[in-house]
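Have a look at the structure below before the remarks.
Bear in mind that the values in this text are calculations on the coordinates, not laboratory data. What you see is a predicted model, and the numbers here were worked out from it, not measured in a lab. Cβ coordinates were reconstructed from backbone atoms using ideal geometry, including for glycine residues, and neighbour counts include every protein chain displayed.
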Amino acid sequence: MARPTYEYAGENGSIEVKKTRHGYNVIFTPPEEAVPRGYDDDNEFKLLIAQMNLDKNAFTFFPFKGRGLYAMQPKYFTLQAITVEIESYNPNGFDVADAEEVFASLPVVFIENYNYGLGFLKKYSQIATFIETLGAKQLYISKHKPTYFDKESEVMTTNFNDLRMLQNAIDKIAARASKIALTTKHDVTAGILLDLLGKSSGYSVNVEKRDIKERISKNALWPMTEISRQRQNEAVEIVTANSRKMFREQPGKLVQLRKDIELVTLDELIKKFGDMLEKNLEEYHWQRLFEENPFILNMAFGVPIIKVRGHAYVGGRKIVGGGDKITDFLVKNSISNNAAIVEIKKPTTKLLGAATYRHDVYAPSSELSGASNQLLDQIYKFQKNIASLKEESGIYDIETYSVVGVLVVGRSMSTAGERKSFELFRGNSKNIMILTFDELLERLKQLKTFLGEDDSYFQTEGDLPF
């Protein structure tokens, strides 16, 4: 998920790293405009903002305010520290570049630029508020431990996956609230202006204030009344019977109606996709989802494609029988007819090895390497047998100029080192395009944002984290 970049007038602050008994301290020197009163060149202000514990592979940062009247002061009332489990670092050293990398790889709910303070982004501030109601003084984000609160130690532990689920829920609420706010503002504006026009100029309108109030109430989180199935059928019949007339007389409304229907469909698909990701489902569940919604796979390509066949035979039969190569999906460029093969694996498939090969370098997992070679073998067999396959299937409008393999597998990486290793591997995978399930889901969300022209994806000035 991309995060916004904040800009402000003035020079950035700087950090320095100092070695301690169990790790390293990260010291922040803020820019001049953020220095508290009472400090000058002879009395330089410095603030401890983080600590790296190499023994526990844990990075702890201390939330503080970056700007305003209370700059450089603690951000929260009781929550003093947030600790994140990270990948192993070289015990022989931890420098400023390492610290910058850790800040940049923090979970997306947190501010990554220490010049704006540290802590939760304003969008996710309710997480901190709830944690403080429990009496927690420290938040610990773990890769393996479950989410729980230890009242005695005043430590709230949150699993990485649970935090990501919480973030997704807040994102959905924020997007929905933004859409409700925009529609409600439009209806309220219309109601007030229509009322003023009626009083000042006798302007006659067909919409009564009661109708506008009903429209506003329908935009609430729970509608005032549910529309009956009969009314639904009547609405569909009216639109169907008058679609050509509506296109001639009110094309904009018809286009908007189609967009609204597409958005509803996308909403349901995004929810279903997200719910499936939280379960350990077998591959055939995902194959069925893509079979029912082929346009999801379309988003994996930069050119228009059409599905030729699911579970397609691409060659490989031995003389004694067996050895068939069956791919999940065979698709082609709808203009050039150039073929592509799509293979679906599970989201739970490990993409990288558990241990680092060298400092922050991971080797691809055996599952990922095996799946890539499987796909390359399918491409090889398909190109080798294309002539006989065309003849046997009767499908002649398909070509093998440069067959592309698409592998949908695994989840996105959580740390900077893992992301780098994964990107290096897939960036150098010739003729194989590797996509994670999270990336496909993000493309669906971006498509929804594009169709809805939803500006909630970007933060406004009021949403800045300070």
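Tabulated data for the structure shown
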read-out	value
Per-pair calculated FRET efficiency, R0 = 45 Å: ALA181 and HIS285 via Cβ, rounded to 0.05	0.80
Distance between modelled label sites at LYS137 and LYS272, nm, 7 Å Cα→Cβ extension	5.0 nm
In nm, spacing of pseudo-spin labels at GLN446 and SER388 (7 Å Cα→C-beta vector)	4.2 nm
TYR357/ASN161 FRET efficiency (R0 25 Å; Cβ-Cβ; nearest 0.05)	0.50
Packing-based exposure ordering (other Cβ within 10 Å, fewest first) of SER421, SER142	SER142, SER421
Those trypsin sites (Lys or Arg not before Pro) in region 99-206 that DSSP places in a loop and that have at most 12 other beta carbons within 10 Å	LYS151
Cα-based shape type of region 14-163, given that a ≥ b ≥ c are square roots of the gyration tensor eigenvalues and the cut on a/c is 1.5	oblate
Modelled FRET efficiency - R0 30 Å, ALA169 with ASN113, Cβ distances, 0.05 increments	0.75
Ascending count of other beta-carbon atoms within 10 Å, so fewest first, for MET413, MET165	MET165, MET413
